[in-house]
Amino acid sequence: MAAQAVAGAGAAWARNLLSWARPERLLASCSISLLSNIQTRTYLQNVGRWERKNRIVYPPQLPGEPRRPAEIFHCRRDIKYSKDKMWYLAKLVKGMSIDQALAQLEFNDKKGAKVIKEVLLEAQEMAVRNHNVEFKSNLYLADSFSGKGHYLKRIRYHGRGMFGIMEKVKCHYFVKLVEGPPPPPEAPQTGFDQAKEYVQQLRNRTIIHTL
């Protein structure tokens, strides 16, 4: 009997607690809605590390210091295209001005060229709208490369009960635009220069466990 009385008292206490902690009473006790701090914008959740570089805030420049050129980071992810095929197109336009890169991609009939052209046009519009770039043609591609996306393995059925593995490939494309004219191209490195650089690396190495 004593145990039943204790259980009944505990159940009554729980009912009283639940009746007191009603949602309308909690909302009336606070002046701010409980849902006011919930972030509902989806574009903040899908920002990667590459696009997050656009949020870098630099300190104010000195009066005599030259103006810092604007930098625009843009990308497109999960493109249904091979990263190796995209790499050739990305390195084709690297170092070019924005107008020259768009002209090269205009006359290229590959699928990746159309994708890169769309990304460059989006980055160009972003530079004028968000990064205070006065002339949209005063930009060049400081960096352009591709990366590996999601690779899905699927079964390809063959005859006589056999099968093979096929891959559904995707890739990412990243571009960095910098305000100003493109820098002059570097002189091609000869084999003798490469040999000298390799020998210098061997001389500069540290050999452990020696005198």
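The values are calculated or read from the model by the stated rules, or taken from the named source; none is laboratory data. Source: prediction; values computed, not measured. With ideal geometry, Cβ positions are generated from the backbone for all residues, glycine too; neighbour counts draw on all protein chains shown. Areas reflect the complete protein model, heavy atoms only, side chains present, ligands, DNA and RNA absent. Shrake-Rupley method; radii C 1.70, N 1.55, O 1.52, S 1.80 Å.
Bridgeable lysines around Lys176 (alpha carbons under 26 Å apart, same-chain partners fewer than 8 residues away excluded): Lys53, Lys80, Lys83, Lys85, Lys91, Lys94, Lys110, Lys111, Lys114, Lys117, Lys136, Lys148.
Between the beta carbons of His150 and Asn54, assuming R0 = 25 Å, the FRET efficiency works out to 0.55 to the nearest 0.05. With protein chains left intact and a 1.4 Å probe, residues in the stretch 92-211 average 73 Å² of accessible area per residue.
Label-to-label distance, Asp143 versus Ile207, with points set 7 angstrom from Cα along the beta-carbon direction: 3.7 nm. Largest accessible area first, the residues Lys153, Lys83 order themselves as Lys153, Lys83 under a 1.4 Å probe with ligands, DNA and RNA left out.
Label the stretch 75-211 by shape, choosing from rounded, prolate and oblate, from the square roots a ≥ b ≥ c of the eigenvalues of the Cα gyration tensor; if a/c is under 1.5 it is rounded, and otherwise prolate applies when a/b is larger than b/c, oblate when it is not. Verdict is oblate for the stretch 75-211. Computed extension length for Phe107-Gln200: 29.1 nm, one decimal, from 0.36 nm per residue of separation with the Cα-Cα distance subtracted. Would you mind telling me the share, in percent, of accessible area of the stretch 73-201 contributed by carbon and sulfur at probe 1.4 angstrom? Roughly 54 percent of what the probe reaches on the stretch 73-201 is carbon or sulfur.
Under the rule a/c < 1.5 gives rounded, and otherwise a/b versus b/c splits prolate from oblate, where does the stretch 42-112 land using the Cα gyration tensor? Because a/c hits 1.5 or more and a/b fails to exceed b/c, the stretch 42-112 counts as oblate.
Projecting the Cα positions of Ala187, Val175, Gln200 onto the charge dipole of the stretch 165-204 (unit charges on Cβ atoms of Lys, Arg, Asp and Glu, taken about the Cα centre) puts Val175 furthest along the positive direction. With a/c under 1.5 counting as rounded, go ahead and sort the stretch 144-191 into rounded, prolate or oblate using the C-alpha gyration tensor (a ≥ b ≥ c being the square roots of the eigenvalues; past the cut-off, prolate if a/b is larger than b/c, else oblate). Oblate shape, in that a/c is at least 1.5 and b/c is the bigger or equal ratio. With a Förster radius of 35 Å applied to the C-beta separation of Glu134 and Val47, the computed FRET efficiency comes to 0.85.
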